[in-house]
Amino acid sequence: MTDWPSVGVVIPTHDRPQQVRAALRSVLTQFYPGELKVIVVFDRAKPDEELAADGARPVRVVKNDRTPGLAGARNTGITALDTDLVAFLDDDDEWLPGKLAAQVTALGTEAELCTAAIEVDYRGRRNPRLAQRTMVRHVDLLRSRMMMLHSSTFLFRRSALLGGLGLVAEDAPGSQNEDWDMLLRASRRRPIAHVDVPYALVNWAGSHFETRWDTKISSLRWILARHPEIHGSPEGAARVYGQIACWHAAIGDRKAALRWAVRATKANPGEPRAAVAAAAAAGIVGVPAVMAALHRRGRGI
């Protein structure tokens, strides 16, 4: 590629002064021949002006001026940029060497969004998560959330975000599942390009969202209402129903947990989350303990 497009990177942050510096450093040390800019968006926190920098790779520090939360912070960054492409990076994650150039190349001229595989870090244990494909279709994302398509790997055409694709959904409860919503919306328009190499290090310990069970429930019900076609995929529907069952079990709502577990089993008799939810509702296991065990293998509920 001889004419590299300009790239703007949006890093939303909230109360992670050390991690955001590591995230920023992982962007600024990327080998990329084209123009590269970074916007660090402080959400419900005082901006740290020490992060700002001029030079060949400028860094701007701004405050979230939209809906409080991750989605509003990302949209603040998107609308403040003037680059050809926009990339996301969470403040507790890091890009690995080669990420940006590989994805810009893979994006080509047809795709509107490119993702990459990830390496999950959970308390010092690392596990790669691969998609085993180079293109992701809408039907793939109905069948599975495909957690390896993490938002810290998203690379968009900015014209799509400001046009037909649209910005990040700010009405997503707690800014959860807004990334799956974006993937579904994007894949409905065009196949998503994917680089199946772990180019982002994703931290699963200490997430702001890890134990917000009520928000997990409301955000999944939000995604089902927003994308009712999920109900038509037995595997995908059962996975979501099973997750909702688990989160109800985590807050002690046994009746709702069992109701959603039955619904998951009816959709797909082999859905393992239904069994986890039933066991948790009966007090045999705890949802956090199951999550921790799965996270150590780079997996989740």
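The requirement of being at pLDDT 95 or above, in a loop (DSSP other than H, G, I, E, B) and surrounded by fewer than 19 Cβ atoms within 10 Å (Cβ to Cβ) is satisfied by residue 97.
The single residue among 172, 117 that is crowded, with 23+ Cβ neighbours inside 10 Å and either in contact (Cβ under 8 Å) with a residue 60 or more places away in the chain or on the phi > 0 side of the Ramachandran plot (or both) turns out to be 172. Criterion applied to 193, 160, 131 was being over 15 Å from the mean Cα position of the chain (by Cα) and closer than 20 Å to residue 98 by Cβ, and the one residue passing it is 193. The set of residues in segment 1-24 that are surrounded by 15 or more Cβ atoms within 10 Å (Cβ to Cβ) and of a type in the set (A, V, I, L, M, F, W, C) comprises 4, 7, 9, 10, 11, 20, 22, 23, 24.
Do you know which of the residues in segment 64-94 that are of a type in the set (Ser, Thr, Tyr) and closer than 19 Å to residue 44 by Cβ is surrounded by the most Cβ atoms within 10 Å (Cβ to Cβ)?
First pass over segment 64-94, keeping only residues of a type in the set (Ser, Thr, Tyr): 67, 76, 79, 83.
Adding the requirement that they be closer than 19 Å to residue 44 by Cβ leaves 67, 76, 79.
Working: 67: 18, 76: 22, 79: 16.
Result: 76.
In segment 104-188, counting only strands (runs of 3 or more DSSP E) that sit wholly within it, the ones holding 2 or more residues that are small (Gly, Ala, Ser) span 113-122. Applying a threshold of 8 Å to beta carbon distances and a minimum spacing of six or more residues, or different chains, the list of pairs starting in segment 272-301 at a residue that is buried (at least 17 other Cβ atoms within 10 Å of the Cβ) and ending at one that is of a type in the set (D, E, K, R) and assigned to a helix (DSSP H, G or I) reads 273/239; 281/254; 301/273. Residue 155 - would you say it is closer than 19 Å to residue 101 by Cα, aliphatic (A, V, I, L, M) and either in contact with a helix residue (DSSP H, G or I) (Cβ under 7 Å, 6 or more places away or on another chain) or surrounded by 15 or more Cβ atoms within 10 Å (Cβ to Cβ) (or both)? Taking the combined requirement at face value, the residue satisfies it.
This table checks each residue for (1) more than 19 Å from residue 217 (Cα to Cα); (2) in contact with a Pro (Cβ under 6 Å, 6 or more places away or on another chain); (3) charged (D, E, K, R).
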{"site": "123", "(1), (2), (3)": "yes, no, yes"}
{"site": "136", "(1), (2), (3)": "yes, no, no"}
{"site": "146", "(1), (2), (3)": "no, no, no"}
{"site": "153", "(1), (2), (3)": "yes, no, no"}
{"site": "161", "(1), (2), (3)": "yes, no, no"}
{"site": "164", "(1), (2), (3)": "yes, no, no"}
{"site": "170", "(1), (2), (3)": "no, no, yes"}
{"site": "182", "(1), (2), (3)": "no, no, no"}
{"site": "191", "(1), (2), (3)": "yes, no, no"}
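When restricted to residues that are modelled with pLDDT under 95 and buried (at least 17 other Cβ atoms within 10 Å of the Cβ), segment 181-207 contains 2.
I'd like to verify a number: residues in segment 253-301 that are at pLDDT 95 or above and part of a loop (DSSP other than H, G, I, E, B), how many? Matching residues across segment 253-301 total 4.
Just one of 57, 44 is farther than 21 Å from residue 156 by Cα, in contact (Cβ under 8 Å) with a residue 12 or more places away in the chain and either charged (D, E, K, R) or surrounded by 22 or more Cβ atoms within 10 Å (Cβ to Cβ) (or both); which is it? Among 57, 44, only 44 is farther than 21 Å from residue 156 by Cα, in contact (Cβ under 8 Å) with a residue 12 or more places away in the chain and either charged (D, E, K, R) or surrounded by 22 or more Cβ atoms within 10 Å (Cβ to Cβ) (or both).
Being basic (Lys, Arg) and assigned to a loop (DSSP other than H, G, I, E, B) is the filter here; which residues of segment 1-44 pass it? Don't jump to the end; show me each part of the working.
The first filter runs over segment 1-44 and keeps only residues basic (Lys, Arg), leaving 16, 21, 25, 37, 44.
Selection gives 16, 44.
In the condition set (1) in a loop (DSSP other than H, G, I, E, B); (2) within 17 Å of the chain's Cα centre (by Cα), residue 86 is compliant with all but (1). Considering every residue within segment 230-242, establish whether at least one is touching a residue at least 60 places away in the same chain (Cβ under 8 Å) and among the polar types (S, T, N, Q). The answer is yes; a qualifying residue exists.
The values are calculated or read from the model by the stated rules, or taken from the named source; none is laboratory data. This is a predicted model, so every value here is computed, not measured. Heads up, the Cβs are rebuilt from the backbone with ideal geometry, glycines too, and the neighbour counts pull from every protein chain shown.
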